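Trainee: The structure under discussion is supplied below as structure tokens; questions concerning it will follow.
The values are calculated or read from the model by the stated rules, or taken from the named source; none is laboratory data. Small disclaimer: the values here were computed from a predicted structure and weren't measured. So basically every Cβ, Gly included, is an ideal-geometry build from the backbone, and we count neighbours across all protein chains shown. Ligands, DNA and RNA are excluded from the accessible area calculation, which covers all protein heavy atoms including side chains. Shrake-Rupley method; radii C 1.70, N 1.55, O 1.52, S 1.80 Å.
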Amino acid sequence: MTSYKELGLVNTRDMFAKAVKGGYAIPAYNFNNMEQLQAIIQACVATKSPVILQVSKGARDYANINLLRNMARGAGEYAAELGCAIPIVLHLDHGDSFETCKDCIDNGFSSVMIDGSHLSFEENIALTKKVVEYAHAHDVTVEGELGVLAGIEDEVSSAVSHYTKPEEVVEFVSRTGVDSLAISIGTSHGANKFEPSQCTRNADGVLIPPPLRFDILEEIEKQLPGFPIVLHGSSSVPMEYVNMILAYGGTLKDSVGIPEEQLRKAAKSAVCKINIDSDGRLAMTAMIRKVLADKPGEFDPRKYLGPARDELKKMYIHKNINVLGSANNA
Ligand code: G3H
Ligand code: 13P
Ligand code: ZN
């Protein structure tokens, strides 16, 4: 058993209370490897932002939980060495069972998500409550989810979204004891968040997605005043990276994300955690493709992973300052 406290990490409790009060959202960036983690930490230190390092089940399978835990410990030491000991949470993204959540808690995670959103209301409550009881006994915080996002949620995928029902949130939160609630108001996972038929096109032919359901968010806030709300599926899918990938041989189609202004608006509300994974994948892939196309003789991974890491850092700095508003809140 390794407690996150031994690793120099924190849970989300104080972080969320400050974010809700301050009208900003904590960046929750997924990582699977060293370069992604370096970029996240460099960007969050440069902007003096707290951060949630997210590990999906896929990341655990890819990188190994012991390595990931020790990377998170190293991230704290690295941040201090860079000049700002920012608060760092190590969070399980889309936990699919009590056992997965327990394993993460026992291995140094300071926060877990139990995703029972595909279950019935009663089954979701029972599973989430069981995770909360174990987590709280270890001072670990828990994110639950009500409502279903379209797209792929780790290994759970849904073609359509089911918005969160505001009339269910109070009962869910009070019966489970969760510390934060992920909701569905029209965001979606991946780089193809909407069907072209759901979008309009601007004069340049760029897809414009349907707006987020701020009316549902407002109703949820009325039901749960000041309670920490989480938005998944919040990549903006920057055209800059989509076009770079296409220019250097990639085959993305109909890519569309959540506009930054809408995320900025959400971050000013009770939304205090915004999940971003796909944008990091796009930025890295775009830069790796470019470097390899520009320098076909290059075969030192540092020569293409290094520029990809720098591009990621630039993107995260922009998000912390201009989208989430988390800069200067460490
Ligand atoms: O919500 C899903 C995250 O983007 C993680 O994706 O399971 O491919 O690591 P992954
Ligand atoms: P994106 O696919 O929009 O980056 O969402 C990531 C996410 O919600 C991780 O849980
Ligand atoms: Zn998600």
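Trainee: Within the stretch 1-37, which residues are assigned to a helix (DSSP H, G or I) and open to solvent by less than 40 Å² (accessible area, probe 1.4 Å)?
Mentor: TYR4, LEU7, MET15, PHE16, ALA19, VAL20, GLU35, GLN36, LEU37
Trainee: Condition first: open to solvent by 30 Å² or more (accessible area, probe 1.4 Å) and more than 16 Å from ligand 3 (Cβ to nearest atom). Now tell me which residues in the stretch 186-204 satisfy that.
Mentor: Across the stretch 186-204, the qualifying residues are GLU195, PRO196, SER197, GLN198, THR200, ARG201, ASN202, ALA203, ASP204.
Trainee: Scan the stretch 127-143 residue by residue and report those that are open to solvent by less than 60 Å² (accessible area, probe 1.4 Å) and in a helix (DSSP H, G or I).
Mentor: Matches in the stretch 127-143: LEU127, THR128, VAL131, VAL132, TYR134, ALA135.
Trainee: To continue, here is another question. Please determine whether any residue of the stretch 224-233 is modelled with pLDDT under 95, open to solvent by 10 Å² or more (accessible area, probe 1.4 Å) and part of a loop (DSSP other than H, G, I, E, B).
Mentor: For the stretch 224-233, residues modelled with pLDDT under 95, open to solvent by 10 Å² or more (accessible area, probe 1.4 Å) and part of a loop (DSSP other than H, G, I, E, B): absent.
Trainee: How many residues are within 16 Å of ligand 1 (Cβ to nearest atom) and either out of contact with any helix residue (DSSP H, G or I) (no Cβ under 8 Å at 6 or more places or on another chain) or not in a helix (DSSP H, G or I) (or both) when one looks only at the stretch 91-106?
Mentor: The number of residues fulfilling the criteria is 7.
Yes/no matrix, rows are residues, columns are (1) in contact with a Ser or Thr (Cβ under 9 Å, 6 or more places away or on another chain); (2) at pLDDT below 95; (3) open to solvent by less than 30 Å² (accessible area, probe 1.4 Å):
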{"position": "ASP103", "(1), (2), (3)": "no, no, no"}
{"position": "VAL112", "(1), (2), (3)": "yes, no, yes"}
{"position": "ILE125", "(1), (2), (3)": "yes, no, yes"}
{"position": "LEU149", "(1), (2), (3)": "yes, yes, yes"}
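Trainee: For the stretch 247-282, which residues satisfy the criterion of being over 22 Å from TYR24 (Cβ atoms), more than 13 Å from ligand 1 (Cβ to nearest atom) and of a type in the set (A, V, I, L, M)?
Mentor: Residues satisfying the conditions are ALA247, LEU252, VAL256.
Trainee: When the stretch 234-246 is examined, which residues are found to be more than 23 Å from ILE26 (Cα to Cα), among the aliphatic types (A, V, I, L, M) and in contact (Cβ under 8 Å) with a residue 40 or more places away in the chain?
Mentor: VAL242, MET244, ILE245
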